[in-house]
1. Which pairs have Cβ atoms under 8 Å, sit 6 or more apart or on different chains, and link a residue in segment 20-45 that is farther than 11 Å from Cys81 by Cβ and touching a residue at least 12 places away in the same chain (Cβ under 8 Å) to one that is assigned to a helix (DSSP H, G or I) and charged (D, E, K, R)?
2. Name the residue that is farthest from Ala66 (Cα to Cα), counting only residues in segment 93-110 that are surrounded by 14 or more Cβ atoms within 10 Å (Cβ to Cβ) and not hydrophobic (A, V, I, L, M, F, W, C).
3. Could you check segment 61-92 and list, in sequence order, the residues that are without any contact (Cβ under 8 Å) to a residue 40 or more places away in the chain, among the β-branched types (Val, Ile, Thr) and surrounded by 16 or more Cβ atoms within 10 Å (Cβ to Cβ)?
4. Would you call Arg17 more than 19 Å from Pro95 (Cα to Cα) and either assigned to a helix (DSSP H, G or I) or of a type in the set (Phe, Trp, Tyr) (or both)?
5. Report yes if Ala50 is over 22 Å from Ala89 (Cα atoms), out of contact with any Gly (no Cβ under 8 Å at 6 or more places or on another chain) and of a type in the set (Gly, Ala, Ser), otherwise no.
6. Tell me yes or no: at least one residue of segment 69-87 is farther than 25 Å from Ala5 by Cα and out of contact with any strand residue (DSSP E or B) (no Cβ under 6 Å at 6 or more places or on another chain).
Amino acid sequence: MLLGATSGALLGLFFHRDGWAGGYGALRRRMLRLGHISFFGIGFLNFLFAMTLAQISLPEAHEQIASTGFLVALVAMPLNCFLTAWKTAFRHLFPIPVLAVLAGIVPMLLGWPAS
């Protein structure tokens with residue numbers, strides 16, 4: 001969350017410039033914005049995951065896999081967005097954070113209590 005606020009503040013220094021980062025619709029600028037907001041989005045997923053674990057009991061293996069997936073996504077999604085803003089070839093790495101989020105969600109669903 002701190003990195004989301006910090007990156008947003010840094011990006012906010014320049015957003016008023018029409019041509020900054022290629023203009024409002026440019027891939028570079030969109031990736032910078034997505035990287036900034038993904039700090040918050042994936043951060044909230046991690047927070048909700050922790051709150052869920054406090055309320056229900058999942059098998060330990062499911063907890064470990066889900067936790068690892070969400071942590072990888074927390075790092076990989078903003079990093080991949082910022083790298084793609086720098087060099088567009090990094091866009092091919094987007095399956096990594098997406099699969100990491102799925103690795104967080106699917107074990108939770110599979111281990112969800114049936115009660």
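Rule-based calculations on the coordinates, nothing more; no lab input. Being a predicted model, the structure only gives us computed values, none of them experimental. Every residue, glycine as well, gets a Cβ built from its backbone with ideal geometry; the counts of neighbours run over all protein chains shown.
1. Ala21/Arg28; Ala21/Arg29
2. Pro97
3. Passing the criteria: only Val72.
4. no
5. Considered against the rule, which asks whether it is over 22 Å from Ala89 (Cα atoms), out of contact with any Gly (no Cβ under 8 Å at 6 or more places or on another chain) and of a type in the set (Gly, Ala, Ser), Ala50 comes out as yes.
6. No, segment 69-87 contains no residue that is farther than 25 Å from Ala5 by Cα and out of contact with any strand residue (DSSP E or B) (no Cβ under 6 Å at 6 or more places or on another chain).
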